[in-house]
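Q: Below: one structure in structure tokens.
No value in this document is a laboratory result; all are computed from the given coordinates. Everything numeric in this text was worked out from a predicted model, so none of it was measured. Because the Cβ atoms are built from the backbone with ideal geometry, glycine has one as well, and the counts that use them run over all protein chains shown.
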Ligand SMILES: C[S@@+](CC[C@H](N)C(=O)[O-])C[C@H]1O[C@@H](n2cnc3c(N)ncnc32)[C@H](O)[C@@H]1O
């Protein structure tokens, strides 16, 4: 029996929370989804209107007919490879929950590497750091940094007006809206100001790879992914603009796609920026390039990163 029917099952049959979880898990496993149990629990908790942790003591609760119908619809969406976060409408990133819309990238856990690296640079929690987030999307990077540094202020820029609206809503939800400004723009082109920290996760997927990505990635906006023929177009635009955005002692934290470290470092070096460090993500992949605008000797003192320049 297809899962949608099994989960909703025939009217009249008693279906408990645990039955629905088991049926969804089986359907997801049969479809080859990588985390069938987790997906099943998240979707059923969502339909049931409770936290996932609560499922443990609600296992025997019978599901109302409308909840079973709702579960069936959610399961069908997941079987069409819509990501769970898109179905739920939000993604947990760093310390906050970020609302999603079709206009924004579903923030990835590896992007937390940039948050970690930028926070290690912002060592004085009481300082009024000025932060710039280029290609802010859901606002995940800027909102996370502002929440961790209560005196910091920041600007988030995105070329998509609909993304900027979501980022502003996420900033409000996290309580950092008074310190955040969101602007529609083409990278930093309209900015005359300099910043203490620049973060950027540009689109970096090479066009030939776009159609080979997991079906779930098809739910992300193409503009958030498409890095041109070789994946480097975004960096080519950003590298020459970055030094002029950096204040004294500042650093830019730029996300890297797999295998892009040397090419991206070369683009920033050619633009007069100084490559300070590279940070790997939890999978050991070089994920965050750190660049400064100063001479190596001065910047080394101020930035204090352990990793050697690349
Ligand atoms: C990979 S997503 C990153 C989103 C978010 N910062 C994150 O890490 O989850 C890239 C973002 O850059 C934006 N973008 C693409 N081209 C841009 C441009 N020329 N100027 C400003 N933003 C741009 C996209 O709309 C998208 O939101």
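Q: Take the Cβ-Cβ distance between residue 128 and residue 184 as r, set R0 to 25 Å, and report the resulting FRET efficiency rounded to the nearest 0.05.
A: Working: r = 25 Å, r/R0 = 1.01.
About 0.50, to the nearest 0.05.
Q: Using all alpha carbons of region 1-156, what is the percent of pairwise distances in each 5 Å bin, ordered from the shortest bin to the longest?
A: 2, 9, 16, 17, 13, 11, 9, 9, 7, 5, 2, 1, 0
Q: Let me ask something else. Cα convex hull of region 3-80: how many Å³ per residue?
A: 69 Å³
Q: A further question on this structure: Which residue fluctuates the most in the chain, going by a Gaussian network model with Cα springs under 10 Å, if the choices are 233, 39, 211?
A: Ranking 233, 39, 211 by mean-square fluctuation puts 211 first.
Q: Still on this structure, please answer the following. List 90, 144 from most exposed to least, where exposure is judged by having the fewest other Cβ atoms within 10 Å. Kindly include the intermediate steps, with their values, before the conclusion.
A: Values: 90 17, 144 28.
Least crowded to most crowded, the residues run 90, 144.
Q: Can you pull the one-decimal nm distance between simple spin-label points at residue 64 and residue 266, each 7 Å off the Cα toward Cβ?
A: 6.2 nm
Q: What is the fewest-to-most order of 160, 255 by other Cβ atoms lying within 10 Å of their Cβ?
A: Taking fewest neighbouring Cβ atoms as first place, the list is 160, 255.
Q: Over the chain, what relative contact order in percent results from Cα pairs under 8 Å that are six or more residues apart?
A: Result for the chain is 13 percent.
Q: Express the relative contact order of region 3-127 as a whole percentage, based on alpha carbon pairs under 8 Å and six or more residues apart in sequence.
A: Dividing the mean separation by the residue count of region 3-127 yields 23 percent.
Q: Then there's this: Nearest 10 degrees, 0 to 90: what angle lies between the long axis of helix 65-79 and the longest principal axis of the chain (Cα atoms)?
A: 50 degrees
Q: Which whole number in µm²/s is D for region 39-110 by Stokes-Einstein, with the Kirkwood Rh taken over Cα pairs at 25 °C and 0.890 mPa s?
A: The Stokes-Einstein estimate is 185 µm²/s.
Q: If you wrap a convex hull around the alpha carbons of the chain, what volume per residue comes out, as a whole number of Å³? Mind dumping the intermediate values first?
A: Details: hull volume 41.3 nm³, N = 310.
It is 133 Å³ per residue.
Q: Label point 7 Å out from residue 247 along Cα-to-Cβ: which residues of region 131-149 have amide N under 12 Å?
A: 131-132
Q: Separate question: What whole-number value in cubic angstrom gives the convex hull volume per residue for the C-alpha atoms of region 141-194?
A: Spread over its residues, the Cα hull of region 141-194 gives 72 Å³ apiece.
Q: Evaluate the distance, in nm, between pseudo-label points positioned 7 Å from the Cα of residue 258 and of residue 99 along their respective Cα→Cβ axes.
A: Label at residue 258, label at residue 99, 3.4 nm between them.
Q: Return the percentage of antiparallel bridges among DSSP beta bridges fully within the chain, rounded to the nearest 5 %.
A: Within the chain, antiparallel bridges account for around 45 percent of the total.
Q: Same structure again: How much FRET efficiency would the formula 1/(1 + (r/R0)^6) give for residue 285 and residue 30, where r is the Cβ-Cβ distance and R0 is 51 Å, rounded to 0.05? If you can, show how the numbers build up before the last one.
A: On the way: r = 31 Å, r/R0 = 0.60.
E(calc), rounded to 0.05, equals 0.95.
Q: Compactness ratio of region 140-297: Cα Rg over 2.2 N^0.38 Å, N = residue count?
A: My calculation over the Cα atoms of region 140-297 gives 1.05.
Q: Could you pull the Cα extents of region 71-225 along its three principal axes, largest to smallest, in whole Å?
A: Principal-axis extents of the Cα atoms in region 71-225, largest first: 49, 34, 26 Å.
Q: Give the angle, between 0 and 90 degrees and rounded to the nearest 10, that separates the Cα long axis of helix 112-121 from the longest principal axis of the Cα atoms of the chain.
A: Taking the Cα atoms of the chain, the angle to 112-121 is about 40 degrees.
Q: With the chain treated as a Gaussian network of Cα nodes joined by springs under 10 Å, which of 206, 265, 273 yields the largest mean-square fluctuation?
A: 206
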